[in-house]
Amino acid sequence: MSRTASNAGSFLYLASKPGGGSAVGVRRARSERALADELRRERQVLKRTWRLPGGSGDAGEFGLADQEALNAQLSNLLSRGVPLVDALDVAATVVSAKARPRVERMRDLVSSGRSYAEACTDTGAFDEVAIAVYRAGEKTGDLAGSASQLGDNAARIRAVAGKAVTMMIYPAIVLGIALFAVLALLTVIVPMIGGAMVDAGVELPAVTRVVLGVGLFLRGNVLVILAGLGVLAVLAVAGRSAIVKGVFSVVRRLPGMKTVIRHQELARFFSVMAAMTRSGIPLTDALGVSAKAIGDPAMAADLGRMRARLIEGGVFRNLVEQVGTLPHATRRLLIAADQGGELDSAFASLASDHAGEVETRTSRLMAVLEPLLIVGLFLVIGVLILSVMLPMFSMTSQVL
């Protein structure tokens, strides 16, 4: 559930089978040694491996929609006494086609004697948060409760992430329309009208000459420009991680967006904390995993220091007061919950509160962003139209 990717990778492997046969396949494993151990349990001997690119095979964790559907189904079936193997058999029918083979593999691993947490680890379908919660659920005999917590967690994170995506869709559409309109004016309308005026002997104003020159350059070098854009697209795909990180670093400093991102990260953080603490995972371990949902370096550092002092024997209610990067109201609520022994409930409540703040602040930001986009669009297109109209006014005055 956190943003940290699984350490598992995809391997193309060649193995020898009992009786002298060979087997070739693609599997996810954290290392070649882990793959060899897995094949050894199946009485196969690993001979050679090739690591595949990240997008190959079944690489990648389950999406939030698949996690929500899978955990909801497991929770319903396990709580009614259905065996785990049968529950996984049914759960494979409610996930996407892409995720179904790995759910079936998890079922096979469980039926062969592996624990559910081990099956999740071997398939690479879940991150360390989910695996830790499942492992705790198996130890306490409440795997159904753990699945329910993770299902609720996935639903809450999907809702928070959906708000962020929705907030970006409208500006992207408006900017796309604006770019198309500007290119059409620059490469078709302005050169056509400007060229006709030059042929008629009309003296063009400076702004019109500049806009006309840009339009003629774009139209005359369209193939070169498209090739350059193609190269930039390839480079962007190759370095997408660094680009996303850089863009995110800039966006989180923008007025308005900074607060939205902060509440979004806190909603994810407290949602993971609620899921892990309710499954019996120690507070220090839960903090170590959940803090990875925080992208703010200062807050992440504060939470890391608090965890270190908790391990040294510090008292939670005293340490949380020193985390100045957390909102004051949040710190007071956590202190009161710790005194009352209801930290897990407080984590869940704070996750809902911060998710609500994301929705509220997103709506406010969109209310401000819409007129700003309209004004920006008007200024850009207005300059282009003005560059066409000015020589027309000049020509009309000469005729009069």
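Annotations
- Residue check for Ala275: under 21 Å from Asp353 (Cα atoms), in the same structural domain as Leu350 (by TED's automatic domain parsing), surrounded by 12 or more Cβ atoms within 10 Å (Cβ to Cβ) and modelled with pLDDT of 80 or more: no
- Of all residues in the range 51-81, those satisfying the criterion of being at pLDDT below 85 and under 20 Å from Val133 (Cα atoms) are Gly60, Glu61, Phe62, Gly63, Leu64.
- Pairing residues of the range 252-275 that are under 19 Å from Leu350 (Cα atoms) with residues that are of a type in the set (Phe, Trp, Tyr), at Cβ distances under 6 Å and at least 6 apart in sequence or on separate chains, gives Phe270/Phe347; Met273/Phe347; Ala274/Phe347.
- Checked against the criterion of being buried (at least 21 other Cβ atoms within 10 Å of the Cβ), within 16 Å of Arg27 (Cβ to Cβ), within 21 Å of the chain's Cα centre (by Cα) and of a type in the set (Gly, Ala, Ser), the range 100-123 has no qualifying residue.
- Single residue of the range 7-50 satisfying the filter (touching a helix residue (DSSP H, G or I) at 6+ places or on another chain (Cβ under 8 Å) and not hydrophobic (A, V, I, L, M, F, W, C)) that is modelled with the lowest pLDDT: Arg30
- Some residue of the range 332-354 being farther than 24 Å from Gly137 by Cα and within 23 Å of the chain's Cα centre (by Cα): yes
- Residue among Leu390, Leu386, Leu377, Leu372 that alone is assigned to a helix (DSSP H, G or I), within 30 Å of Thr187 (Cβ to Cβ) and free of Cβ contacts under 8 Å to residues at least 12 places away in the same chain: Leu372
- Answer from Arg317, Arg361 - the residue that is assigned to a helix (DSSP H, G or I) and over 29 Å from Arg158 (Cβ atoms): Arg317
- The single residue among Val222, Val202, Val190, Val214 that is in the same structural domain as Leu343 (by TED's automatic domain parsing), exposed (fewer than 13 other Cβ atoms within 10 Å of the Cβ) and among the aliphatic types (A, V, I, L, M) turns out to be Val222.
- Hits in the range 144-191 - residues which are of a type in the set (A, V, I, L, M), within 30 Å of Val82 (Cα to Cα) and either touching a Phe, Trp or Tyr at 6+ places or on another chain (Cβ under 8 Å) or modelled with pLDDT of 80 or more (or both): Ala144, Ala147, Leu150, Ala154, Ala155
- Residue match in the range 284-302 (condition: surrounded by fewer than 20 Cβ atoms within 10 Å (Cβ to Cβ), more than 25 Å from the chain's Cα centre (by Cα) and not β-branched (Val, Ile, Thr)): no
- Which listed residue, of Leu365, Leu369, Leu386, is in the same structural domain as Thr277 (by TED's automatic domain parsing), modelled with pLDDT under 85 and closer than 30 Å to Ala206 by Cβ: Leu386
- Contacts under 6 angstrom Cβ, first residue in the range 326-339 being assigned by TED's automatic domain parsing to the domain that holds Ala291, partner surrounded by fewer than 16 Cβ atoms within 10 Å (Cβ to Cβ) and in a helix (DSSP H, G or I), 6 or more apart: Ile335/Arg317; Asp338/Arg317
The values are calculated or read from the model by the stated rules, or taken from the named source; none is laboratory data. A quick note: this is a predicted structure, and the numbers were derived from the prediction, not measured. Please note: Cβ atoms are built from the backbone with ideal geometry, for glycine as well, and neighbour counts cover all protein chains shown.
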